[in-house]
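Data first, discussion second: the structure below is written as structure tokens.
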């Protein structure tokens with residue numbers, strides 16, 4: 001884990017765990033909230049082997065994945081606290097849990113020994129529309145973006161990416177990026193997504209669309225670390 005520091009966390013566990021009850025997902029969310037899709041048949045998956053973090057240049061280097069060449073991220077232009085790093089766990093959640101702190105724009109993957117991997121995230125309107133406990137029902141590499149009718153009504157130019165037209169095919173410009181994690185609660189699709197984004201400069205910010213967006217290299221790292229049915233808490 002060369003090049004990875006362990007910065008202190010600026011809020012208490014009590015503050016972090018003051019979570020209100022789950023809020024119903026809005027039916028007209030935004031870019032990541034495509035349509036309600038039935039989850040594929042569950043596949044019993046082993047917990048993936050944990051890849052190392054490495055240094056920042058290595059973590060955010062250009063990478064060829066599934067035939068797509070992701071560009072390197074200019075890490076010197078990203079606020080350091082939003083780069084992937086090991087921190088003390090501020091949540092007290094069980095190891096293996098994903099925790100999203102929407103106020104601080106952080107996503108934590110809790111590890112044994114009181115530590116967590118912290119990633120910076122960007123949030124759209126849909127990213128604030130749901131909170132509570134759920135699971136990562138399933139994951140997808142290079143997802144298709146299917147724009148719901150409610151969004152097309154606001155932005156008619158997106159009709160070419162409608163469900164009827166097959167959506168936007170995977171690729172470097174797709175708003176869902178290189179990976180998507182689909183969040184279900186009590187067997188129902190929350191329409192809440194954790195997904196990649198080609199717009200690395202929006203990490204740490206609140207933007208107009210999307211749920212929880214991550215740097216593509218970061219969402220690929222998270223994808224490789226968590227199996228289906230991973231518990232998630234959105235605060």
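Tabulated results
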| read-out | value |
| --- | --- |
| Computed lengthening from residue 64 to residue 141, 0.36 nm per intervening residue step minus Cα-Cα distance | 26.4 nm |
| Stokes-Einstein D in µm²/s, Kirkwood radius over Cα pairs - segment 183-235 at 37 °C with 0.692 mPa s viscosity | 266 |
| Normalised contact order of segment 103-235, rounded percent, pairs of Cα under 8 Å and 6 or more residues apart | 33 |
| Segment residue 103-residue 159, extension gain: residue separation times 0.36 nm, minus the distance between their alpha carbons | 16.9 nm |
| Reference-scaled alpha-carbon Rg (2.2 N^0.38 Å with N residues) for segment 141-235 | 1.11 |
| Computed P(r) (all Cα pairs; segment 159-209; 10 Å bins; percent) | 21, 43, 33, 3 |
| Calculated FRET value between residue 172 and residue 57, using beta carbons and R₀ = 30 Å, to 0.05 | 0.90 |
| Per-residue Cβ neighbour rank within 10 angstrom, fewest leading, 73, 215 | 73, 215 |
| Fewest-first sequence of 62, 178 by Cβ atoms within 10 Å of each Cβ | 62, 178 |
| Per-pair calculated FRET efficiency, R0 = 25 Å: residue 152 and residue 128 via Cβ, rounded to 0.05 | 0.70 |
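Values in this text are rule-based calculations from the coordinates and carry no lab data. On a predicted model such as this, the values are computed, not experimentally measured, just so you know. Quick reminder, even Gly has a Cβ in these numbers, built from the backbone with ideal geometry, and neighbours come from all protein chains shown.
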